[in-house]
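Only one structure is covered here, and it is reproduced in the block below.
The values are calculated or read from the model by the stated rules, or taken from the named source; none is laboratory data. Only a predicted model underlies this, so the values are computations on that prediction, with no experimental measurement involved. With ideal geometry, Cβ positions are generated from the backbone for all residues, glycine too; neighbour counts draw on all protein chains shown. Note: accessible area is taken over every heavy atom of the protein model, side chains too, but ligands, DNA and RNA are not part of it. Shrake-Rupley method; radii C 1.70, N 1.55, O 1.52, S 1.80 Å.
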Amino acid sequence: MHLTDEQLNEYLDEAVNERAQIEVHLSACGECAARLSTLRKLFNEMESLPELALTRDLAAPFMRSSGLPAQLPAWLPLTMALQAAAALIVFIAAAPFVIRLIPDIETPSLSTVLIQFQTQWTAWLDRLSQFHMPSLPAFSLELSGLYLMSALAVVSMLWLVGNGLLLRNQW
Ligand SMILES: [Zn+2]
């Protein structure tokens, strides 16, 4: 009578009482010995499986990060270069209009605008000292288009310079 799979499993687990009996049969029966060695191989594979999975998990971030630089330069600098080029084109195209527009608004009223701003500022400070917070939106509404335009220009320039620095760092 051959050994059962259960007996072989228990023998491999070393959780068996009739150990000597099984060993006697294994030494006499090549079939059961072969089954045992197959089972043992399976056990070893199962034991090494979590280890393999773990090393793969640990290696994964490194594999991912090493794969990134090869992918990035293909599209990111191109997008940034196109952005910078588009911004430059817009600036060059808009320059004549901006130059023509600015003297009309700015030259006659620069001092007036400054005075107006100062007045608004002191008025706002007065209101702030009196804790009249609802007057704040009124102040921002009274800002002239010139302020908005110059703020926009500054932001655009900063964006362009930032993009340029990014491009230089990438290449
Ligand atoms: Zn047998």
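What to note about this one:
- Candidates in region 71-87 are the residues that are closer than 15 Å to LEU158 by Cα and of a type outside the set (Gly, Ala, Ser); of these, the one that is modelled with the lowest pLDDT is MET80.
- ALA33 vs. criteria touching a Leu at 6+ places or on another chain (Cβ under 9 Å), within 12 Å of the ligand (Cβ to nearest atom) and modelled with pLDDT of 90 or more: yes
- If you filter region 9-29 down to residues that are open to solvent by less than 60 Å² (accessible area, probe 1.4 Å) and either of a type in the set (D, E, K, R) or in a helix (DSSP H, G or I) (or both), you find that the one that is nearest to the ligand (Cβ to nearest atom) is HIS25.
- Looking only at region 140-158, and only at residues there that are modelled with pLDDT under 65 and surrounded by fewer than 11 Cβ atoms within 10 Å (Cβ to Cβ), the one that is farthest from the chain's Cα centre (by Cα): LEU141
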